[in-house]
Amino acid sequence: MKCENCTKKECSKKQKNDDTQSTSVDALSSGDGFEEKNEFHTLANAKILLSDCLACDSCMTSEEGTRVFQQNQREFFRILNLNKKCDTSKHKVLAVSICPQSLPYFAAKFNLSVNDAAKRLCGFLKSLGVHYVFDTTIAADFSILESQREFVQRYQRRNQEEHALPMFASACPGWIRYAERVLTNLVTSHICTAKSPQQIMGSLVKGYFARQKNLSPDKIFHVVVAPCYDKKLEALREDFYTALYNSQEVDCVLTSGEIVQIMDQKNVSMKDVTEVAVDSLFDEIKEGDVVRHEGKRSDGYLEHIFKHAAKELFGMDVKEITYKALKNKDFQEVTLEKDGETVLRFAAAYGFRNIQNLVLKLKKGKFLYHFVEVLACPGGCLNGKGQTQTEDGKPDKALLNQMEEVYAAIPVRLPETNLHVQKMYQDWLEGMDSKKAQETLHTQYSAVNQTASNLDIKW
């Protein structure tokens, strides 16, 4: 049996689902604190389908499969129940970080403004026993700023370093896994080293926030609410693990749809939840209105990097970007001309068919782009499978259209204007060019294995 995104002729993903799903959930039910019945008992039986994941190749090892299944509602409830017991030595500070592309889902689904949706979601999570609820926009600020700087540096080194350009965006874990497991060395050296917003948020919560609260990182259980299932795989990466504290930067990822499942099973409506302001990483202040970055459906890496590069490299202020659609609406390019010459050529490639076409061009030496914003989901992050699928697994186009309208109406804030970010660079990271900033905000991507003939697959 072959799933739609897999590059194997015989995919193990769906074959493993039934067996692995049942055995993994059964294994988790023993020795994990769920022997007794509790208020979350029925909710904890919700399951994750690996077929909902976009990661390609042979998908995952059996160990990864088991750990992915642990990133579900059951693990979340296990921590909530531990916190209700008398043994305070086992209590955790429970922090939830919400991706900006998840909020339009809750707003559209429950017919709320995005600001009301954020506050009601925060209120619901805190009613369960969550201590802090954060917005990950600040983490995306860091990721975009670091990506901008890296692109300019790569562009300036393009004649000295073979793999300096093109640069591929690194924010999408489905794309990253595909590149490492299938495309290997052809692509990995071209991937931007800036961490994704999710993992930078992990560093902020387990690093900066933990220090502010005088907590050991292992005393914080960090959950991320995200649009797609691939974020669960990203959280498991070894480079996002701190051996000293036996702690991942992100302990658990729940999709937006999984949060709604919890609401449904507890018979709670978002409109009935008390509004609670979203927390800030800084002292006791609260977040204000929801803001986003430039970009119609995702964090807008292309637009931010393009404008920054135009200014830094060519002294040109670009106010508006004009996209040129190529083969389809998910494959578009943007160019910058100076003195009659095209000096920058960027592309946005969403979905595996477009990714495959790009890689074939790279392999043949016919690659014209300096930077590509690559996202595994057609339509970008708003269309993550964790929030836009109907119960029968088909895309909910009407809901997606509503989400796009909601997202487009959110005010844009440039990362450069976030004073908290600038202060953290100096006070926490010891400067933008420091070793600590490099270690905290960057990682490395490399080939995991070699898979023959994958580039010949017809999508």
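A few comments on the model shown:
- A single member of 196, 216, 203 is within 23 Å of residue 147 (Cβ to Cβ), free of Cβ contacts under 8 Å to residues at least 60 places away in the same chain, out of contact with any strand residue (DSSP E or B) (no Cβ under 7 Å at 6 or more places or on another chain) and not β-branched (Val, Ile, Thr), and it is 196.
- A Cβ distance below 9 Å, combined with a sequence gap of six or more or placement on separate chains, defines the contacts here; from the range 229-254, residues that are in the same structural domain as residue 99 (by the TED database) reach residues that are at pLDDT below 90 and β-branched (Val, Ile, Thr) in the pairs 229/48; 229/68; 232/48; 232/68; 233/68; 236/68; 248/242; 249/242.
- Residues that are touching a residue at least 12 places away in the same chain (Cβ under 8 Å) and of a type in the set (Asp, Glu), drawn from the range 75-104: 75
- The range 110-127 - residue that is touching a helix residue (DSSP H, G or I) at 6+ places or on another chain (Cβ under 7 Å) and surrounded by 18 or more Cβ atoms within 10 Å (Cβ to Cβ) and, of those, nearest to residue 287 (Cα to Cα): 118
- Qualifying position, being closer than 18 Å to residue 292 by Cβ, touching a residue at least 24 places away in the same chain (Cβ under 8 Å) and either in contact with a strand residue (DSSP E or B) (Cβ under 8 Å, 6 or more places away or on another chain) or surrounded by 13 or more Cβ atoms within 10 Å (Cβ to Cβ) (or both), among 351, 380, 386: 380
- Hey, residue 343 crowded, with 17+ Cβ neighbours inside 10 Å and not hydroxyl-bearing (Ser, Thr, Tyr) or not: no
- Of residues in the range 88-109 being out of contact with any helix residue (DSSP H, G or I) (no Cβ under 6 Å at 6 or more places or on another chain) and among the hydroxyl-bearing types (Ser, Thr, Tyr), the one most open to solvent (accessible area, probe 1.4 Å): 88
- Meets criteria (of a type outside the set (Ser, Thr, Tyr), open to solvent by 10 Å² or more (accessible area, probe 1.4 Å) and in the same structural domain as residue 97 (by the TED database)) for residue 172: no
- Within the range 408-431, being open to solvent by 60 Å² or more (accessible area, probe 1.4 Å), outside any helix (DSSP H, G or I) and closer than 27 Å to residue 290 by Cβ holds for 411, 412, 413, 414.
- If you go through the range 204-226 and pick out every residue that is of a type in the set (Gly, Ala, Ser), within 21 Å of the chain's Cα centre (by Cα) and surrounded by fewer than 24 Cβ atoms within 10 Å (Cβ to Cβ), you end up with 1.
- All positions within the range 258-293 that are among the acidic types (Asp, Glu) and either over 21 Å from residue 144 (Cα atoms) or buried (at least 19 other Cβ atoms within 10 Å of the Cβ) (or both): 258, 264, 272, 275, 279, 283, 284, 287
The values are calculated or read from the model by the stated rules, or taken from the named source; none is laboratory data. Note that the structure is a prediction, hence the values are computed from the model and not measured. We place every Cβ from the backbone using ideal geometry, glycine too, and count neighbours over all the protein chains shown. Ligands, DNA and RNA are stripped out before the accessible areas are found, and what is left, the full protein with its side chains, is counted by its heavy atoms. Shrake-Rupley method; radii C 1.70, N 1.55, O 1.52, S 1.80 Å.
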